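Taking it in order: structure first as structure tokens, then the write-up.
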Amino acid sequence: MRLLKPNDISPSEITPPEIYRERRRFMQGSIALLGGAALAAAGEPQAATRIAGVRASAYKLDEDKTPYKDVTTYNNFYEFGTGKDDPAANAHTLRTRPWTVRVEGEVKKARTWDIDALMKLAPLEERVYRMRCVEGWSMVIPWVGFPLAELIRRAEPTGNAKYVEFVTLNDPKQMPGVRSRVLDWPYIEGLRMDEAMHPLTLMAVGLYGEVLPKQNGAPIRLVVPWKYGFKSAKSIVKIRFVERQPHTTWMAAAPSEYGFYSNVNPQVDHPRWSQARERRIGEFLKRDTLMFNGYGAQVASLYRGMDLQKYF
Amino acid sequence: MNVQGFVSTRAFKLGLFILCLFPLARLVVLAVTGGLGANPIEFITRSTGTWTMVGLLLTLSVTPLRRLTGWTALVRHRRMLGLFAFFYASLHFVTYIWLDQFFDLASVARDIVKRPFITVGFAAFVLLIPLALTSTQAMMRRLGRRWQQLHRLVYGIAILGVLHYLWLVKQDLTQPLIYGGVLALLLGARLPRVAGLLQGMAPRVASRSG
């Protein structure tokens with residue numbers, strides 16, 4: 001085995017993915033022994049490539065990270081199917097090279113970025129964030145990425161840019177799920193300008209020190225840790241700066257259930273279920289959901305004076 | 001031996017019993033081998049809920065199937081199918097109370113009052129209890145005509161079950177609509193005209209297979 005240079009592995013990393021995959025192989029072996037080989041077929045993570053030169057960051061958590069296997073096999077990515085294990089089973093058809101991201105709209109410097117250029121736009125750093133799904137479960141994920149603000153600065157938004165809209169790839173040839181009409185494609189998400197500029201808001205290109213697996217939104221995705229997971233658009237092909245609040249996909253699907261802000265808030269229930277608690281993947285007992293997913297100290301000021309029951 | 005005769009054997013009944021235990025056995029195997037995925041409690045909840053619906057629909061398919069095929073012996077197994085539906089409904093309920101809510105009964109009560117999908121699911125489960133309790137031969141005799149009236153509750157229970165599923169899914173209604181469609185067929189088959197039609201087909205089918 002090749003010896004890793006010190007800066008290849010970030011200090012906060014405890015269990016490398018190789019070990020997870022080792023465990024996984026062991027488990028698959030056991031299952032196969034029991035005659036249930038077919039049961040293990042779904043959700044094999046791709047052998048991912050390490051990203052070189054990832055810096056550690058101050059964004060760490062004193063909480064156990066969710067195992068690589070769970071992060072990469074339990075996903076909501078409807079472009080590959082609505083089941084939790086569908087993305088891991090189907091996303092292999094996604095082509096992540098060549099890939100470009102168009103930055104346009106109310107900016108002085110509209111530009112089409114090649115993904116490899118984007119990955120060198122700013123130093124890549126590891127950030128361990130909580131991820132709270134609107135469905136009531138959560139994970140802790142070590143992302144690799146750069147602040148969205150770095151990209152925004154280079155685009156030089158005009159005074160008319162009040163919101164940022166994110167558009168996910170919409171290609172039925174690569175994404176079997178978009179042949180179904182379950183949502184209006186392409187998937188669209190959006191942030192207010194100050195949310196997009198916030199230092200916590202991350203453009204992620206990897207997790208666990210490796211290139212982002214396809215089922216997790218490769219090659220580049222948004223991560224907004226104080227909002228429900230669906231706000232963090234995956235496999236982004238376009239970033240538009242606009243004056244009006246974007247009409248996001250989930251708002252179009254169920255306006256009474258999903259608002260534009262969708263900040264994690266234990267006091268505002270989803271109309272059909274409580275948001276007061278969550279199941280952290282890997283834990284038995286539910287834990288209390290934290291206001292702004294525990295990032296209140298950093299982001300509460302963005303919403304000062306707003307009625308969060310109304311702007312859910 | 002014809003099909004009718006085979007359906008009435010003890011071997012058939014035993015086979016059916018073992019088949020009905022398969023969903024539980026599968027859960028146990030998956031649990032032991034770590035195959036329940038990232039969210040095992042959700043997996044168990046979904047699975048027991050699914051098999052409750054399947055059990056209810058199988059129970060409700062006995063009468064139309066009997067009319068269609070003329071195999072009256074099918075009715076002998078209806079009770080077992082119904083009790084299995086109740087068994088999986090109980091597992092589903094226990095999973096919710098124990099694994100999901102961990103006996104936080106105040107939270108459970110709030111859910112039942114506030115969440116329509118839990119309200120109807122809970123109602124369906126409660127309504128199943130008298131049906132399970134009166135499923136014995138002795139209770140059938142004791143209740144006489146009223147037994148059948150009571151057990152017609154199962155139609156409403158199945159409808160509540162489909163609603164429970166429909167109201168819980170986030171966006172993709174495919175699965176609950178499939179269950180709803182099958183239920184609509186099975187209930188439609190009970191309309192007098194349809195039932196007569198099915199019955200009319202019986203002798204031909206029976207003689208072909210007999």
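The values are calculated or read from the model by the stated rules, or taken from the named source; none is laboratory data. Note that this is a predicted model, so its numbers are computed, not measured. Counting neighbours? That spans all protein chains shown, and the Cβs are built from the backbone with ideal geometry, glycine included.
Some points to look at:
- Within segment A:67-82, the residues that satisfy the criterion of being out of contact with any strand residue (DSSP E or B) (no Cβ under 7 Å at 6 or more places or on another chain), facing another protein chain (nearest Cβ under 9 Å) and among the β-branched types (Val, Ile, Thr) are A:Thr73, A:Thr82.
- Restricting attention to segment B:162-174 and to residues that are over 16 Å from the mean Cα position of the chain (by Cα) and of a type outside the set (D, E, K, R), the residue that is surrounded by the fewest Cβ atoms within 10 Å (Cβ to Cβ) turns out to be B:Thr174.
- Neighbours by Cβ (under 7 Å, 6+ apart or cross-chain): first from segment B:161-185, in contact (Cβ under 8 Å) with a residue 12 or more places away in the chain and within 14 Å of chain A (Cβ to nearest Cβ); second surrounded by fewer than 16 Cβ atoms within 10 Å (Cβ to Cβ) and part of a helix (DSSP H, G or I): B:Trp167/B:Pro116
- The condition of being outside any loop (DSSP other than H, G, I, E, B), on the phi < 0 side of the Ramachandran plot and under 18 Å from the mean Cα position of the chain (by Cα) does not hold for A:Trp113.
- Residue within segment B:134-150 that is surrounded by fewer than 18 Cβ atoms within 10 Å (Cβ to Cβ), in contact (Cβ under 8 Å) with a residue 24 or more places away in the chain and touching a Pro at 6+ places or on another chain (Cβ under 7 Å) present: no
- Among the strands (runs of 3 or more DSSP E) confined to segment A:212-280, the ones with at least 2 residues that are more than 14 Å from chain B (Cβ to nearest Cβ) and either surrounded by fewer than 21 Cβ atoms within 10 Å (Cβ to Cβ) or more than 20 Å from the chain's Cα centre (by Cα) (or both) are located at A:236-242.
- Hits in segment A:284-294 - residues which are at pLDDT 95 or above, surrounded by fewer than 17 Cβ atoms within 10 Å (Cβ to Cβ) and either within 11 Å of another protein chain (Cβ to nearest Cβ) or assigned to a loop (DSSP other than H, G, I, E, B) (or both): none
- Pairs with Cβ under 8 Å, 6+ apart, first in segment B:17-44 and more than 8 Å from every other protein chain (Cβ to nearest Cβ), second in a loop (DSSP other than H, G, I, E, B) and of a type outside the set (S, T, N, Q): B:Leu27/B:Leu36; B:Phe43/B:Leu36; B:Phe43/B:Gly37; B:Ile44/B:Leu36
- For segment B:101-210, the helices (runs of 4 or more DSSP H) that sit wholly inside it and include 1 or more residues that are closer than 30 Å to A:Ala252 by Cβ and at pLDDT 95 or above are B:116-133, B:153-168, B:174-188.
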